[in-house]
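For reference, the structure is listed below as structure tokens.
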Amino acid sequence: MLVSGEGTNLQALVDAGLPIAAVASNRRDARALARVSVPTASFELGDYDGREARDAAMADWLRHHGVDLVVLAGYMHLLTKPFLDGFPEAVVNVHPSLLPSFPGAHAVEEQLAAGVTESGATVHLVDSGVDSGPILAQERVPVLAGDTAETLHERIKVVEHELLPKVVRELCAR
Ligand code: GRF
């Protein structure tokens, strides 16, 4: 797993009993790291000679821990070629919108600003673009009158916490 923040999706995979080998983060203060007893490590950009060097080190560390499927759950950096080449067709992300609509880091706020009546959660394969890889699964989530970014994001996360473990379980079985 790769995380940057809260780690509720990581928790959903733990609770689903999925075999998590290791958890890495781009932030050493990510609260998600405290949720697991498997090996964890942080790879802060400032500690490396650029993004590609950081990503290569992170990929090596994950491989060393036996990882063969990488799950991004709130991981907030783009992954560069040295990382993606190390895990071909084996990096997945969960995103709080019905992609390809509303990619990027502010998807929930942008959906509210656009006045959409329907949002959702998407699990997709990761490529070098912003939330642009092939879609594996999607589920719709209604936007309700009076929703704030917080209330809508919470409703989306409830769906993410079902959808992500389901897709990861299927990928582990292939
Ligand atoms: C999720 O909404 C996910 O879709 C997005 O970042 C959020 C991460 O939440 N990419 P958490 O850290 O799993 O609680």
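The values are calculated or read from the model by the stated rules, or taken from the named source; none is laboratory data. Given the structure is predicted, the values throughout are model-derived calculations rather than measurements. Reconstructed Cβ throughout: ideal geometry from the backbone, glycine too, with neighbour counts over all protein chains shown. SASA here: full protein model, heavy atoms, side chains in, ligands and nucleic acids out. Shrake-Rupley method; radii C 1.70, N 1.55, O 1.52, S 1.80 Å.
Over region 46-92, the alpha carbon radius of gyration divided by the compact-protein estimate 2.2 N^0.38 Å works out to 1.08.
In region 87-174, the alpha-carbon atoms span a convex hull of 81 Å³ per residue.
On the principal axes of its alpha-carbon atoms, region 90-133 has extents of 34, 15, 12 Å, going from largest to smallest. Rolling a 1.4 angstrom probe over the chain with all protein chains present gives an accessible area of which 52% lies on carbon and sulfur atoms. Considering only region 1-140, what is the antiparallel percent among its DSSP beta bridges, to the nearest 5? Counting DSSP beta bridges with both partners in region 1-140, the antiparallel share is about 45 percent. Comparing Thr122, Val141, His77 along the charge dipole axis of region 62-149, the residue lying farthest to the positive side is His77, per the Cβ-charge model. A simple charge model with +1 on the Cβ of Lys and Arg, -1 on the Cβ of Asp and Glu and nothing else charged puts the dipole of the chain at about 340 debye relative to its Cα centre. For His65, the solvent-accessible surface computed with a 1.4 Å probe is close to 60 Å², ligands and nucleic acids excluded. With the simple model of a label 7 Å out from the Cα in the direction of the Cβ, Glu44 to Ala173 spans 4.2 nm. Charge dipole (Cα centre; +1 on Lys/Arg Cβ, -1 on Asp/Glu Cβ; no other charges) of region 97-174 amounts to roughly 320 debye. The mean of 1/r over all pairs of different alpha-carbon atoms in region 27-174, once inverted, gives a Kirkwood hydrodynamic radius of 16.4 Å. The relative contact order of the chain, computed from alpha carbon pairs under 8 Å that lie at least 6 residues apart in sequence, is 20 percent.
With Cα atoms as the point set, region 17-105 shows a radius of gyration and Dmax of 13.2, 37 Å. Computed over region 53-154, relative contact order equals 24 percent, with contacts defined as Cα pairs under 8 Å that lie 6+ residues apart.
Residue farthest toward the positive end of the dipole of the chain, with Cβ of Lys/Arg at +1 and Asp/Glu at -1: which of Ala57, Leu18, Asn93? Working it through, the farthest residue towards the positive pole turns out to be Leu18.
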